[in-house]
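Engineer: Following this message is one structure expressed as structure tokens.
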Amino acid sequence: MPPASNPLVLVVVAVVVLSAAAVFGSGGKSLTLTLERASHNGLEMSELRDRDRLRHGRILQQQPTGVLDFPVEGTYDPFLVGLYFTRVKLGTPPKEFYVQIDTGSDVLWVSCNSCNGCPTSSGLQIPLEFFDPSSSSTASLISCSDRRCALGEQSSDSFCSNKNQCGYTFQYGDGSGASGFYSSDLMYFDTIVGNSLASNSSARIVFGCSTSQTGDLTKSDRAVDGIFGFGQQGFSVVSQLSSQGITPNVFSHCLKGENGGGGILVLGQIVEPNIVYTPLVPSQPHYNLNLQSIAVNGQILPIDPAVFQTSNNRGTIIDTGTTLAYLSEEAYDPFVNAITQMVSQSTRPLVSKGIQCYLTTFSASEIFPPVSLNFAGGASMLLKPEDYLLQQNSIGGAAVWCIGFQKIQGQGITILGGTVHGKIKVLSANKANFYI
């Protein structure tokens, strides 16, 4: 969910699926956030979770100090949840908050007491909480004279108020916003060392305490307690823990879109065979990739490669806070036209609320073509029909399938959101590489 203040991210935050993992930085100790499935179905989730945590510890490059682990829930499917979120424990005594995972922003913030516009209930059936610095014995406010506030000002993540408080105001691409002040307090997490799981490790971090929310953040249907930014600036939790020597300046995430969601989120590097790498574009405020072409059924589409190249108003961004995938007009129109032409004998095209859909009695896998996103370095992401289509409803016994890629009018940005993240089985990156 990139902030709207940056020219690269003046877009609507939306919902799509991309099963992914991303790594940034280099070796050292590892912090892992283990994504739980959103649907429980009567399973012994505690047993499955503990088994998964131990397995995650074995597949990570880890030092003797171990792996830090957080439980996370969610799915990319906009008709179910439409986002991925983790739980963090803050303060003394610790209080648990549900926060959305977002690689498009930097800061961890949660709703604060006396918040204007903050939801008090959630359609996700999770309890919502409010952080109160006066109720935590380890909390301290960040003043304007604190060097950390000056660090945040360099990346527009903070400003100084007339009350000598270090504050923030974020505007996101969907028009929503959050503002408040910064607090320093303890974050708690579990640690995996070898095959053993230990609890109650902690580290002091700076995070936001929101006193006002606007736009979609005020709605209760998908409400969470805040946003967990995994961006590259100094105020991100990844950067803070790295500067304390607790974790490396690196994270990996793998978000599963099918079968109720799930995956892993790791502050550390995943070790997996058969991984293909593509370079990240350096010196960018977001995680940009070099997308070179799109193919439908093996045929490269007639799209000028310059459409995908990173510049002041163009580029391809990975963003877990965005649900759908978005293409610029120059790429979207050839993409949709190619699919429509290939299924013209078996479907009836229709447009629903501005979204290209198809009415058919056939299964999607029978008639829709595969799609390939081709990146620099020879890395290709193959999307099966169910990876880029969403079933909206049925009409007279026929299914309505809609394309999960949307058009960005008047902008050259391509955003790979949750829909694509649901496809990527292992997506990992460091400062120079991104593997798919």
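The values are calculated or read from the model by the stated rules, or taken from the named source; none is laboratory data. Source: prediction; values computed, not measured. Here the Cβ positions follow ideal geometry from the backbone for every residue, glycine too, while neighbour counts run over all protein chains shown. All accessible areas refer to the heavy atoms of the entire protein, side chains included, with ligands and DNA or RNA removed. Shrake-Rupley method; radii C 1.70, N 1.55, O 1.52, S 1.80 Å.
Engineer: Order TYR277, TYR358, TYR98, most accessible first, counting only protein heavy atoms with a 1.4 angstrom probe.
Structural biologist: Values: TYR277 95, TYR358 0, TYR98 25 Å².
Ranked from most to least accessible, the order is TYR277, TYR98, TYR358.
Engineer: Determine the share of region 107-240's accessible area contributed by carbon and sulfur atoms, expressed in whole percent, with a 1.4 angstrom probe.
Structural biologist: Working: 2430 of 5550 Å².
Carbon and sulfur: 44 percent of the exposed surface of region 107-240.
Engineer: Please give the net charge around VAL400, taking every other residue with its beta carbon less than 12 angstrom from that of VAL400, where Lys and Arg add +1 and Asp and Glu add -1. Mind dumping the intermediate values first?
Structural biologist: Details: positive: ARG348, LYS353; negative: none.
Counting the neighbours of VAL400, the net charge comes to +2.
Engineer: Around LEU217, what is the net charge, scoring Lys/Arg as +1 and Asp/Glu as -1 over all other residues with Cβ under 14 Å from its Cβ? Intermediate values should be presented prior to the final figure.
Structural biologist: Details: positive: LYS219, ARG222; negative: ASP102, ASP174, ASP216, ASP221, ASP225.
Overall, the nearby charge balance is -3.
Engineer: Across region 156-165, in residue order, what do the Karplus-derived ³J(HN,Hα) couplings come to in whole Hz, using 6.51 cos²θ - 1.76 cosθ + 1.60 with θ = phi - 60° and x for Gly and Pro?
Structural biologist: 6, 8, 8, 8, 9, 9, 6, 9, 6, 9
Engineer: Show me, for region 174-180, the HN-Hα J-couplings you get by feeding each phi into the Karplus relation (A = 6.51, B = -1.76, C = 1.60, θ = phi - 60°), rounded to Hz, glycine and proline as x.
Structural biologist: Karplus-based 3J(HN,Hα) across region 174-180 equals 8, x, 7, x, 8, 9, x Hz.
Engineer: Please work out how much accessible surface ARG348 shows to a 1.4 Å probe, ignoring ligands, DNA and RNA, in Å² rounded to 10.
Structural biologist: For ARG348, the solvent-accessible surface is approximately 140 Å².
Engineer: Right, another one. Quick check: residue separation of SER201 and SER311 times 0.36 nm, minus the Cα distance between them. What number comes out in nm? Please list the in-between numbers first.
Structural biologist: On the way: separation 110, 0.36 × 110 = 39.60 nm, distance 4.23 nm.
Result for the pair: 35.4 nm of gain on full extension.
Engineer: For the residue pair LYS353 and GLN391, what label-to-label distance in nm results when each label sits 7 Å from Cα along the Cα-to-beta-carbon direction?
Structural biologist: Taking the simple label geometry, LYS353 and GLN391 are separated by 1.9 nm.
Engineer: Another question about this same structure. At a 1.4 Å probe radius, which order do TRP401, TRP109 fall into by accessible area, largest first? List each step's numbers first, then the result.
Structural biologist: Numbers: TRP401 45, TRP109 5 Å².
From most exposed to least exposed: TRP401, TRP109.
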